[in-house]
Amino acid sequence: MTDTKLTIRRSEDRGRGRHGGWLDSHHTFSFAGYYHPEHMGFGALRVINDDRVAPGAGFPTHGHRDMEILSYVVDGALEHQDSTGTGSVIRPGDVQRMSAGTGVMHSEFNGSEEEPVRFLQIWVVPERGGLAPGYEEKHFGDERNGTLRLVASRDGRDGSLTVHQDLALYASVLKAGDSVTHEVADGRRAWVQVVKGEVSLNGEALREGDGASTERSGTLAITASGDAELLLFDLA
């Protein structure tokens, strides 16, 4: 396959929500008080929020339904409690999936009284409504180094989390000069989100917070300009 055409979503063009000094959030897609008719999601991918939560603060108990919610911790510790009886603290390298299904109540707090926490909150529309609520988390850590590590998929293959949608989510941590590639098959689309650092994607320079998408088949070739971290979504 040949290189594929990209649409770039720059970091500075995202929506932003500041909430009383405890939360600073950047919204790739329309969310809460931020609305942009051209950025309502990407296929089943509905939300990518880059959240920074102050020490000791967090999201008090609130409800969700009919949504797959993935949390990807970048820095710090995120404490989770929900109405299924699940409670844990997740850290960098951990990925968490909560299926809200028929309805779940949960809270998320910074697990430290001293350090901020940064995490990506990702919402995926499930393939059907009315699923039973569920929870899963796994640690990937060094498995992401120098490669695209599958961390979530419809069938939970290769030790990934199971997500109830035709989606494959890859995570990668790269050193300067490291390169990875991904083939977007016919009938698929892809979104790349730069979490840290800078990369070149098919010759396009992307930095922290930038996203890039394609709805055409072809090769995505990614080279790190320095230390970098990214997520890649492959969707129907």
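Note on the stretch 17-30: among residues that are without any contact (Cβ under 8 Å) to a residue 24 or more places away in the chain and farther than 17 Å from Met40 by Cβ, the one that is surrounded by the most Cβ atoms within 10 Å (Cβ to Cβ) is His19. When every residue of the stretch 63-81 is checked against the conditions, at least one turns out to be touching a Leu at 6+ places or on another chain (Cβ under 8 Å), within 28 Å of Leu148 (Cβ to Cβ) and either among the polar types (S, T, N, Q) or at pLDDT below 95 (or both).
Residues checked against (1) surrounded by 15 or more Cβ atoms within 10 Å (Cβ to Cβ); (2) within 16 Å of His139 (Cα to Cα); (3) touching a strand residue (DSSP E or B) at 6+ places or on another chain (Cβ under 9 Å):
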{"position": "Ala57", "(1), (2), (3)": "yes, no, yes"}
{"position": "Tyr72", "(1), (2), (3)": "yes, yes, yes"}
{"position": "Gly76", "(1), (2), (3)": "yes, yes, yes"}
{"position": "Gly87", "(1), (2), (3)": "no, yes, yes"}
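For the structure I just gave you, tell me whether Thr102 is β-branched (Val, Ile, Thr), farther than 16 Å from Val194 by Cα and surrounded by 15 or more Cβ atoms within 10 Å (Cβ to Cβ). Criteria not met by Thr102.
When you go through Asp75, Asp51 one by one, which is the residue that is under 24 Å from Asp234 (Cβ atoms) and of a type in the set (D, E, K, R)? It would help to see each step written out before you state the result.
Values: Asp75 fails: under 24 Å from Asp234 (Cβ atoms).
From the options Asp75, Asp51, the qualifying one is Asp51.
Mind listing just one residue for me: the one in the stretch 188-218 that is in a loop (DSSP other than H, G, I, E, B) and within 13 Å of the chain's Cα centre (by Cα) and, of those, surrounded by the most Cβ atoms within 10 Å (Cβ to Cβ)? The selected residue is Asp210.
Across the stretch 159-187, which residue is farthest from the chain's Cα centre (by Cα) among those that are surrounded by 17 or more Cβ atoms within 10 Å (Cβ to Cβ) and either part of a loop (DSSP other than H, G, I, E, B) or at positive phi (or both)? By that ranking, first place goes to Asp178. Of the residues making up the stretch 43-61, those that are in contact with a Lys or Arg (Cβ under 7 Å, 6 or more places away or on another chain) and either more than 18 Å from Val74 (Cβ to Cβ) or free of Cβ contacts under 8 Å to residues at least 60 places away in the same chain (or both) number 1.
For the stretch 89-99, a residue qualifies if it is in contact (Cβ under 8 Å) with a residue 40 or more places away in the chain and either hydrophobic (A, V, I, L, M, F, W, C) or loosely packed, with under 15 Cβ neighbours inside 10 Å (or both), and the qualifying residues are Ile90, Val95. Residues of the stretch 162-220 being within 20 Å of Pro92 (Cβ to Cβ) and among the polar types (S, T, N, Q), which ones? Once the filter is applied, which keeps residues that are within 20 Å of Pro92 (Cβ to Cβ) and among the polar types (S, T, N, Q), the stretch 162-220 yields Ser172, Gln193. Is there a residue in the stretch 3-14 that is at pLDDT below 95 and either among the charged types (D, E, K, R) or not in a loop (DSSP other than H, G, I, E, B) (or both)? Among the residues of the stretch 3-14, at least one is at pLDDT below 95 and either among the charged types (D, E, K, R) or not in a loop (DSSP other than H, G, I, E, B) (or both), which makes the answer yes. When Gly17 is tested against (1) closer than 23 Å to Leu235 by Cβ; (2) modelled with pLDDT under 95; (3) touching a Phe, Trp or Tyr at 6+ places or on another chain (Cβ under 8 Å); (4) not hydrophobic (A, V, I, L, M, F, W, C), just one condition goes unmet, and that condition is (1).
Could you run through the stretch 121-153 and say how many residues are touching a Lys or Arg at 6+ places or on another chain (Cβ under 6 Å) and assigned to a strand (DSSP E or B)?
In the first step, residues of the stretch 121-153 are kept if they are touching a Lys or Arg at 6+ places or on another chain (Cβ under 6 Å); the result is 123, 125, 136, 140, 143.
If we keep only those that are assigned to a strand (DSSP E or B) as well, we get 123, 136.
The qualifying residues number 2.
The set of residues in the stretch 143-158 that are more than 14 Å from the chain's Cα centre (by Cα) and free of Cβ contacts under 8 Å to residues at least 40 places away in the same chain comprises Glu143, Asn145, Gly146, Thr147, Arg154, Asp155, Gly156, Arg157, Asp158.
The values are calculated or read from the model by the stated rules, or taken from the named source; none is laboratory data. This structure is a prediction, so every number in the text was calculated from the model and none was measured. Using ideal geometry, Cβ is built from the backbone for each residue, glycine included, and neighbour counts are taken over all protein chains shown.
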